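The values are calculated or read from the model by the stated rules, or taken from the named source; none is laboratory data. It should be emphasised that the depicted structure is a prediction, and the values quoted were computed from it without experimental measurement. A quick note on method: Cβ atoms are made from the backbone with ideal geometry, for glycine too, and the neighbour counts reach across all protein chains shown. Remember, those area values only see protein heavy atoms, side chains included, never the ligands or the DNA or RNA. Shrake-Rupley method; radii C 1.70, N 1.55, O 1.52, S 1.80 Å.
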Amino acid sequence: MLAITWALLLACLPWWLDLPLLLGFAATQAARLQRLHDYAPLLRHALRWGLAGLLVASYRATGEHASAIIFVSLAALAGSSTLILLESWLSHKPLRSPAIAAASPEWREMALAPVGPSAAIIELQAPIWHERGDLAGEALAGLQWLDESGCLVDERVRIDHLDPRVSVAPGQGWMAWPMAAGRGVVLYDRKHQQLHRLRGWQFYGWHAGEAWLSRGEDQPPLALSHVLGQDQLEE
């Protein structure tokens with residue numbers, strides 16, 4: 001009843017009053033103000049029924065001439081097409097509340113924000129190999145070669161099947177030996193007295209007292225802590 005009353009009211013008013021009123025309703029609906037969100041259905045019905053009243057008022061203003069029907073038909077086509085396009089556009093445009101807009105960062109902040117974790121440059125220290133006959137120096141203290149492929153470390157740990165050369169980490173916390181015939185690498189943690197045999201890995205260098213290993217020349221080196229989490233170790 002309210003919609004019919006509204007249409008009859010606009011039909012009785014002059015068209016030049018109806019048209020600005022309906023255009024104002026359309027602009028209000030297109031703005032999608034947050035405080036008027038609950039009244040969106042009412043505005044939509046007001047535009048639909050108001051268009052019918054505007055067409056009747058336009059027909060009355062033409063003096064009911066023969067060409068009035070053509071004019072009103074064209075106006076009805078244009079008005080209904082405009083309403084359909086407006087409603088279609090509003091249905092695909094998400095409502096953006098002030099709270100969400102305030103919480104969203106500006107494009108300048110997004111452009112200047114760091115992406116991902118900060119990079120760290122790791123420089124590996126190439127291993128310094130000490131041959132079997134070289135037992136001088138503090139770095140080799142506690143190492144005793146027993147034969148061509150075996151040695152004794154700290155008088156308690158015997159290691160066999162080695163290539164007769166050794167590399168000591170800076171700080172002397174770790175020692176590394178290549179396995180005989182290039183089958184892998186042996187690492188010994190002197191502080192925790194832990195021995196690791198890693199088959200298929202090659203010793204690449206030291207960084208911060210930690211050994212870095214590689215599967216081959218075409219593979220990037222990995223830290224020992226990463227390798228220990230991947231491989232089954234023989235200790």
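Against the criterion of solvent-accessible heavy-atom surface with a 1.4 angstrom probe, Tyr204, Tyr188, Tyr59 sort, most first, into Tyr204, Tyr59, Tyr188. Annotation: amide H-H contacts under 5 Å for Gly205 (H modelled 1.01 Å from N, sequence separation of 5 or more, or interchain): Trp212.
Of the whole protein surface, Trp49 contributes about 100 Å² of accessible area at a 1.4 Å probe radius. Computed from backbone phi, the HN-Hα couplings of segment 157-169 come to 10, 9, 10, 10, 6, 10, 6, x, 7, 9, 10, 10, 6 Hz, rounded to whole numbers (Karplus: 6.51 cos²θ - 1.76 cosθ + 1.60, θ = phi - 60°; Gly and Pro given as x). The loop-placed trypsin sites (Lys or Arg not before Pro) in segment 139-170, going by DSSP, that have at most 14 neighbouring Cβ atoms within 10 Å of their Cβ come out as Arg156. Phi angles of segment 51-60 translate, via the Karplus equation with coefficients 6.51, -1.76, 1.60 and θ = phi - 60°, into HN-Hα couplings of 5, 4, x, 5, 5, 5, 5, 5, 5, 5 Hz per residue; Gly and Pro are given as x.
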